[in-house]
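Structure first, then comments.
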Amino acid sequence: QVQLVESGGGLVQPGGSLRLSCAASGFTFSSYCLSWVRQAPGKGLERVSDINGGGASTYVADSVKGRFTISRDNAKNTLYLQMNSLKPEDTAVYYCAKNRYYSCSYYYREEEYDYWGQGTQVTVSS
C-alpha cells in the first residue's frame, strides 16, 4: 500500500523558515518523480517543486525560486522541502505527490500523479 505522509508544517512569521518532510512507503522510492503541490485558501492546486527519481533534476516555481529547495533522500524514502524567507502568500496546505514516471513533466498535470499525501498546513502570519 502506497503511503505518503507529510510533516513539518506549522505557524511561522514572515521571513521565517520551515522544513517539510514526506515519508514514503509502498513503492520503489527512487523510481519516481515526486512533487510538492500546495493549495492556498480559495485557490486551486499549484505545483511548487518537482524532483526526478534520482534527485538530479529539479523544478522550482518562479513564485518560490530562491527561497525553496527540494531534495530527497532515497536511502530514507523521504522527500523534503526547505522553505526560507516565507511570505504570507505561501500560506497553504502543502501536499507531496507521487508522479507515475521517473521524470517529472514540464507542465503540471494532475492526472500524472497517482498518489497524494494528506497534506500539512503552513501558515505564514505576523
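Each row is one residue, and each column tells you yes or no for (1) at negative phi; (2) in contact (Cβ under 8 Å) with a residue 24 or more places away in the chain; (3) out of contact with any Asp or Glu (no Cβ under 6 Å at 6 or more places or on another chain); (4) of a type outside the set (Ser, Thr, Tyr).
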site	(1), (2), (3), (4)
GLY44	yes, no, yes, yes
ASP50	yes, yes, yes, yes
THR58	yes, no, yes, no
VAL64	yes, yes, yes, yes
ASP73	yes, no, yes, yes
THR78	yes, yes, yes, no
So, first residue within 11 Å of LEU86 (Cα to Cα) in segment 1-22, second residue open to solvent by 30 Å² or more (accessible area, probe 1.4 Å) and among the basic types (Lys, Arg), Cβ within less than 8 Å, six or more apart or across chains; the pairs are PRO14/LYS87
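If you take just the strands (runs of 3 or more DSSP E) that sit entirely in segment 87-126, which of them hold at least 1 residues that are open to solvent by 80 Å² or more (accessible area, probe 1.4 Å) and within 17 Å of GLY10 (Cβ to Cβ)?
Working: elements: 92-99, 113-116, 120-124.
Because the criterion is at least 1 residues that are open to solvent by 80 Å² or more (accessible area, probe 1.4 Å) and within 17 Å of GLY10 (Cβ to Cβ), the strands (runs of 3 or more DSSP E) in segment 87-126 that meet it are 120-124.
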Is one or more of the residues making up segment 4-14 among the polar types (S, T, N, Q), open to solvent by 10 Å² or more (accessible area, probe 1.4 Å) and either under 11 Å from the mean Cα position of the chain (by Cα) or modelled with pLDDT of 95 or more (or both)? yes
Can you say whether TYR32 is open to solvent by 40 Å² or more (accessible area, probe 1.4 Å), farther than 23 Å from VAL124 by Cβ and modelled with pLDDT under 95, as far as the supplied structure shows? no
Quickly run through segment 46-61 and pick out the residues that are closer than 20 Å to LEU18 by Cβ and either assigned to a loop (DSSP other than H, G, I, E, B) or modelled with pLDDT under 95 (or both). ALA61
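The values are calculated or read from the model by the stated rules, or taken from the named source; none is laboratory data. Please read these numbers as outputs of a predicted model, since none were measured by experiment. In this analysis, Cβ positions are derived from the backbone assuming ideal geometry, glycine residues included, and neighbour counts consider all displayed protein chains. The area values use the complete protein model at the heavy-atom level, side chains included, leaving out ligands, DNA and RNA. Shrake-Rupley method; radii C 1.70, N 1.55, O 1.52, S 1.80 Å.
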